[in-house]
Amino acid sequence: GTVTFDVDNSSPNRAAFLEEFMEIEAANWKGESGSAIKMSSELVNWYTTLVARLEDSGLLEWQTMRINEDYAAANLCIRSPRKVFLWKLGYKDSSSKSSPGNLLLEHVISAESERGELESLELLTSYSWYDKWNMQARSLQSLTLFRRGPKGRLLHAASRLREWLKSRRKTRDDRPLRHSGPAG
């Protein structure tokens with residue numbers, strides 16, 4: 001069929017595309033396994049809020065690929081002036097043999113390369129199908145902020161205890177196993 005690509009980071013009411021995106025994302029293994037956004041009302045609410053806020057701040061970008069008039073793949077992205085962060089991706093199993101996600105990424109890289117304004121394209125995923133792109137992996141850091149007051153102190157203490165228990169478990173798991181020979 002006819003393949004078309006689109007990168008939309010400026011049209012009005014871009015947040016409305018989230019409904020279509022959730023259908024695309026659920027039309028593959030994510031839908032079958034129950035991990036697609038639309039399978040959880042909490043995730044739907046979270047992404048609805050996120051996408052609306054990204055649009056309000058001018059950071060929302062949708063990257064799409066169609067075969068004929070049907071969406072085959074889509075990426076939910078955050079666009080800053082010099083970087084694009086590919087946050088969430090989806091593709092339809094019906095077109096998976098043509099690797100629509102990779103074709104879409106290839107198109108985006110090519111188009112951005114021609115424009116020459118982008119510093120980097122960051123994947124916020126580590127799925128193996130992106131290995132062939134040889135993207136540089138970066139370490140992740142977590143930051144938790146607690147409000148002042150008794151509840152914040154309690155949550156902070158619980159968080160530190162959890163981290164300490166995890167480190168103890170890891171230390172215990174790293175110890176060599178001891179085993180004594182047969183009695184005798």
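Scan segment 74-112 for residues that are among the hydroxyl-bearing types (Ser, Thr, Tyr) and at pLDDT 90 or above and jot them down. Spell out how you get there, then give the answer.
First pass over segment 74-112, keeping only residues among the hydroxyl-bearing types (Ser, Thr, Tyr): 80, 91, 94-96, 98-99, 110.
Correct list: Ser80, Tyr91, Ser110.
Residue by residue, here is whether (1) open to solvent by 90 Å² or more (accessible area, probe 1.4 Å); (2) within 15 Å of Glu61 (Cα to Cα); (3) within 16 Å of the chain's Cα centre (by Cα) holds:
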residue: Ser10; (1), (2), (3): yes, yes, no
residue: Asn13; (1), (2), (3): yes, yes, no
residue: Glu20; (1), (2), (3): no, yes, no
residue: Asn45; (1), (2), (3): yes, no, no
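Under 9 Å by Cβ, and 6 or more places apart or on different chains, what pairs join a residue from segment 53-82 that is on the phi > 0 side of the Ramachandran plot with one that is surrounded by 12 or more Cβ atoms within 10 Å (Cβ to Cβ) and in a strand (DSSP E or B)?
Gly58/Arg79; Asn68/Val3; Asn68/Thr4
Residue-by-condition table, conditions (1) of a type in the set (D, E, K, R); (2) closer than 22 Å to Asp6 by Cα; (3) within 18 Å of the chain's Cα centre (by Cα):
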position: Ser98; (1), (2), (3): no, yes, no
position: Leu104; (1), (2), (3): no, yes, yes
position: Ser120; (1), (2), (3): no, yes, yes
position: Ser139; (1), (2), (3): no, no, yes
position: Leu145; (1), (2), (3): no, no, no
position: Leu155; (1), (2), (3): no, no, no
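With the requirement that a residue be more than 24 Å from Lys38 (Cα to Cα) and touching a residue at least 60 places away in the same chain (Cβ under 8 Å), what does segment 83-112 give you?
Leu103, His107, Val108, Ala111
Evaluate the following for Leu50: is it assigned to a helix (DSSP H, G or I) and closer than 19 Å to Leu118 by Cβ?
Numbers: assigned to a helix (DSSP H, G or I): yes; closer than 19 Å to Leu118 by Cβ: no.
For Leu50, the condition - assigned to a helix (DSSP H, G or I) and closer than 19 Å to Leu118 by Cβ - is not met.
Please tell me if Asp70 is in contact with an Asp or Glu (Cβ under 9 Å, 6 or more places away or on another chain), of a type in the set (D, E, K, R) and open to solvent by 30 Å² or more (accessible area, probe 1.4 Å). Spell out how you get there, then give the answer.
Working: in contact with an Asp or Glu (Cβ under 9 Å, 6 or more places away or on another chain): no; of a type in the set (D, E, K, R): yes; open to solvent by 30 Å² or more (accessible area, probe 1.4 Å): yes.
Taking the combined requirement at face value, the residue does not satisfy it.
Every residue in segment 138-149 that is loosely packed, with under 13 Cβ neighbours inside 10 Å and either aromatic (Phe, Trp, Tyr) or at pLDDT below 70 (or both), please.
Within segment 138-149, the subset loosely packed, with under 13 Cβ neighbours inside 10 Å is 138-145, 147-149.
Correct list: Leu140 only.
Return the residues of segment 28-43 that are open to solvent by less than 40 Å² (accessible area, probe 1.4 Å) and not basic (Lys, Arg); say none if nothing qualifies. Don't jump to the end; show me each part of the working.
First, pick out the residues of segment 28-43 that are open to solvent by less than 40 Å² (accessible area, probe 1.4 Å): 28, 30-31, 36-37, 40.
Hits for segment 28-43 are Asn28, Gly31, Ala36, Ile37, Ser40.
Hey, Ser120 hits all of (1) closer than 24 Å to Arg14 by Cα; (2) modelled with pLDDT of 90 or more but one; which does it fall short on?
Unmet for Ser120, out of (1) closer than 24 Å to Arg14 by Cα; (2) modelled with pLDDT of 90 or more: (2).
Collect the residues in segment 75-126 that are among the β-branched types (Val, Ile, Thr) and buried (at least 18 other Cβ atoms within 10 Å of the Cβ), keeping them in residue-number order. Before the answer, list the steps.
Kept after step one, since they are among the β-branched types (Val, Ile, Thr), are these residues of segment 75-126: 78, 84, 108-109, 125.
Listed by number, the residues that qualify are Ile78, Val84, Val108.
The values are calculated or read from the model by the stated rules, or taken from the named source; none is laboratory data. Computed from a prediction, not measured in an experiment: that's the story for all the values here. Virtual Cβ from ideal backbone geometry, glycine too; neighbours counted across all protein chains shown. Just so you know, the surface numbers come from the protein's heavy atoms only, side chains and all, with ligands and any DNA or RNA stripped out. Shrake-Rupley method; radii C 1.70, N 1.55, O 1.52, S 1.80 Å.
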